[in-house]
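A quick write-up on the structure given underneath.
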Amino acid sequence: TIGSRTWNFGDNTGWVNAAALTQTKLYATPGDYTIRLVVKNLQGCTSDTLSKPVKVYLQPVVDAGPSFLVPVGSTVLFNPIVDDSVTVTFAWTPASDFVNPNILRPSLVANNNRVYTLKATGLGKCTATDTLTVKVLRQVKIPNAFSPNGDKINDTWEIENLGDYGFAIVEIFNRNGQVVYKSNGYSNPWDGTLNGKPLPVGSYYYFIQPGSGRKPYTGVVTILR
């Protein structure tokens with residue numbers, strides 16, 4: 001019958017008295033350690049010291065770096081932060097977007113919205129992953145007319161790709177300079193009305209501030225019926 005157990009985990013923390021048969025140890029740094037165990041019976045007789053080697057590998061820690069919001073076709077350089085770039089290997093996915101997906105800081109031409117995952121693998125197959133997002137701002141295409149006549153064809157002023165710019169400000173004016181429509185974002189396209197009433201056929205002037213560092217768009221849109 002074992003009366004006591006004394007452990008030494010080989011990391012200069014000294015001997016630890018523990019009654020439990022199994023022990024869990026978290027090492028602060030990687031390396032080669034020797035674990036020692038001494039037991040005593042109820043009469044106080046001490047055993048020989050049992051020793052076993054333990055190899056502790058580095059646990060990779062990765063931060064994939066900042067996400068990107070850039071105009072379509074821009075070149076972006078990934079800038080992750082890791083705790084070891086020497087003994088750890090890296091893999092970015094989707095791999096087909098990169099010239100070399102196995103370098104720590106690759107670059108690519110941003111043509112699509114995508115989530116990229118960085119996986120780091122250390123010695124002993126210890127792994128860690130993190131992700132970043134690349135969102136592209138596509139060219140805004142603004143039609144110069146629409147026909148809100150209820151036929152379900154061009155009934156609203158659909159501005160292609162403006163939805164990419166979540167903080168866009170859209171303002172529309174009549175010939176007298178009166179604001180007939182204004183929105184922050186453009187989730188609900190303009191239907192040619194003011195306070196729920198159809199506006200007259202004619203030309204109206206728009207000012208669109210897309211944000212994200214892009215220049216504003218100005219021009220004329222015509223209501224047809």
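Structure notes:
- Computed over segment 46-158: relative contact order in percent, which uses C-alpha pairs under 8 Å that are six or more apart: 28 percent
- DSSP-defined antiparallel bridges as percent of all bridges, the chain, nearest 5: 90 percent
- The reciprocal of the average 1/r between distinct C-alpha atoms defines the Kirkwood hydrodynamic radius, which for segment 57-108 equals 12.2 Å.
- If the segment from residue 127 to residue 112 were pulled out straight at 0.36 nm per residue, it would be longer than the present Cα-Cα gap by 2.6 nm.
- Contact order normalised by residue count of the chain, Cα under 8 Å, 6+ apart, percent: 13 percent
- The lysines within cross-link reach of residue 40, meaning a Cα-to-Cα straight distance under 21 Å and a gap of 8 or more places when in the same chain, are 52.
- The chain: C-alpha gyration tensor shape, a/c 1.5 cut-off, then a/b vs b/c: prolate
- Shown for segment 65-172: the carbon plus sulfur share of the solvent-accessible area, taken with all protein chains present and a 1.4 angstrom probe, equals 53%.
- With one equal scatterer per alpha carbon and no solvent term, the Debye-computed log10 I(q)/I(0) for segment 5-46 at 0.14, 0.17, 0.21, 0.33 1/Å reads -0.36, -0.50, -0.71, -1.30.
- Segment 32-85 and segment 161-192 have their alpha-carbon centroids 53 Å apart.
- Sites counted here are chymotrypsin sites (Phe, Trp or Tyr not before Pro) in a DSSP loop (not H, G, I, E or B) having no more than 15 other Cβ atoms within 10 Å; the longest part of the chain that contains none of them is 58-166.
The values are calculated or read from the model by the stated rules, or taken from the named source; none is laboratory data. For clarity, every value in this text was computed on a predicted model and none was experimentally measured. No Cβ is skipped: glycine too gets one built from the backbone with ideal geometry, and neighbour counts run over all protein chains shown. Surface accessibility is based on the protein's heavy atoms, side chains included, excluding ligands, DNA and RNA. Shrake-Rupley method; radii C 1.70, N 1.55, O 1.52, S 1.80 Å.
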